[in-house]
Amino acid sequence: MKRQDRSSQIRRERAVNAVRYVVKLNYVRCQRAGWVDSQFRMYLFYVSLGVKRIWIRARIDPLDGRGPEFQGRNTAMSINRRQLLAGGAALATLPHFIGVSFARNGEVNVFSHRVHQTVSDGSGGGDVTRFFREAAGGEVNWATFNTGPLHERVFREASLNESTVDVAYLLNSRVTPDIASLFEPLEPFMERAPLEDINDIFPGLRDAMTFDGQLHAVPIRHATAGFHYNEEILAERGVSPPETIEEFLEAAKQCTFTRDDGSSVVGFGLAGVALAELMAFARAWNADFVTPDMRVVANEPPMVTAVTAIRDLFEAGAMPRDMMTMNSEDMNLLMQSGRAAMTVTSFSRNRLYNDPEKSQVAGKVKTTFLPISETLKGEFEAAPTRTEFWSMAIPKNSQNKDLAWEFIRTMSLPEATIAAALNGNGPVRASAYENEQLLESLPYAKAEQKALTVARVPLPAFDEAARAADMLKEETETAVLGIKTPQEAMDDLTRRVQELIES
């Protein structure tokens, strides 16, 4: 027993010495990089995560120094020089695994999805960050993540005393009022260095990032729903492109048929009745699910009418029989194979539907804004469709706020917006849609501009928004499948979500 205790003690001492060596080594490196002690202490927080790797290799319980039982038996594992070096290497390179370190003078750390870095440097518009470098003489350190990990990382860092994040790209659906409070209100920055023509940014995007009258993030990229139709199918069935949603419903029925080869065509394809799909369609009646002031209005006439319309088309066979289990990829395949005449999804899908390498109907799918109800023609030219978007924000604990604002300001310039759009970004400024080069590359540009003028998010961000969206899908499915009437389903949905919000 004494020999085992002594062996455990030796392994623990070796592990501790390895950690001390790496910390000392990185302290020297951090001093050379110009870090202050408070920054280094925060760095040690991340280093501590890597220490666990050494404890695991040594099979040591850091609380009592004893080797635990492993798979039912005591395992005396020694830690050799190779293992020490491996653990030390993991710690020494830890800043690269966790993203980036604190920015040095003249550098700004930008945390985003990979797509944002991609559209910031492309063949169409070139390097969009050049506007920042020319104005501030700074450099950009990108740290890119998938959507979920990005928000988890940014929100975690924003809750600390200090952060390595200078600029965070945020999806609108993740920015609840509580989350917004972790980021700087931008009015003080705009007073010192104004954002050029802020009213040029579409109002529905700005409004969703405004909390208690203060803008907390600047929109940078959008995905907005449009109306896609196969003009060949419509012509074959003697149907003109619909100009109202009532004409759309009739066209969907007329364009549902079976070809001579036995293949069936549905008039209207929709990838289920989840939040994004349902709200994109329901906005033809200017319907809402939850209003910005958190009133649940799903049981009011606009939404009930939309759900009733979907149920009627489904019962008439004008929508896919398996639509409840379809995803967006399934819907894309229906359009690309010519087995759906019309759909409502993001404008950018136009390229996919007309790609000659991927689509059997390339050149035949046209895209415009969703037609509005005849009853709202005097109020809207285009339906106030669903839009979702990314914005740029500055954490309150950022150590580099002025340079971060300069990055946001310059990336939001009209010329920067156009350059990013030519690289494939969804432009958030109305003026960008006047650019001749962009008009040539996007045949639906003018229609998208009209849609964005009135578009708004499908649901305001709040803590239980995901559960509310699930409830919407559940209740709408009961209506479409005939289990409940549309009014009964929307009444139940309203009650359930109102209780959720108030709880």
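Extension gain for the segment Asp312 to Met324, taken as residue separation times 0.36 nm less the Cα-Cα distance, is 2.8 nm to one decimal. Each peptide in 391-397, 294-300 receives the mean, over its residues, of other Cβ atoms within 10 Å, and ordering these scores from highest gives 391-397, 294-300.
Taken along the Cα-to-beta-carbon direction at a fixed 7 Å, the label points for Glu250 and Gln117 span 5.3 nm. Taking amide H as placed 1.01 Å from N in the peptide plane, Ser120 has no amide H partner under 5 Å among residues 5 or more places away or on another chain.
Protein heavy-atom accessible surface, 1.4 Å probe, per residue over the stretch 214-334: 38 Å².
Among the protein heavy atoms of the stretch 270-344, carbon and sulfur supply 50% of the accessible surface, probe 1.4 Å, non-protein parts ignored.
For the stretch 212-228, backbone phi angles converted through the Karplus equation (6.51, -1.76, 1.60; θ = phi - 60°) give residue-by-residue couplings of 6, x, 10, 7, 10, 7, 9, x, 9, 8, 10, 9, 10, 7, x, 10, 10 Hz, Gly and Pro being listed as x.
Extension gain for the segment Lys446 to Glu379, taken as residue separation times 0.36 nm less the Cα-Cα distance, is 22.2 nm to one decimal. Around the amide H of Phe183, modelled in the peptide plane, lie the amide H atoms of Lys396, all under 5 Å away and 5 or more residues distant in sequence or on another chain. Greater than 32 Å separation of Cα atoms is the criterion. Which listed pairs, Lys253/Lys377; Lys253/Lys446; Lys358/Lys446; Lys450/Lys484; Lys253/Lys473; Lys396/Lys450, meet it? Pairs exceeding 32 Å: Lys450/Lys484; Lys396/Lys450.
The values are calculated or read from the model by the stated rules, or taken from the named source; none is laboratory data. Computed from a predicted model, the values in this text were never measured in an experiment. Virtual Cβ from ideal backbone geometry, glycine too; neighbours counted across all protein chains shown. Just so you know, the surface numbers come from the protein's heavy atoms only, side chains and all, with ligands and any DNA or RNA stripped out. Shrake-Rupley method; radii C 1.70, N 1.55, O 1.52, S 1.80 Å.
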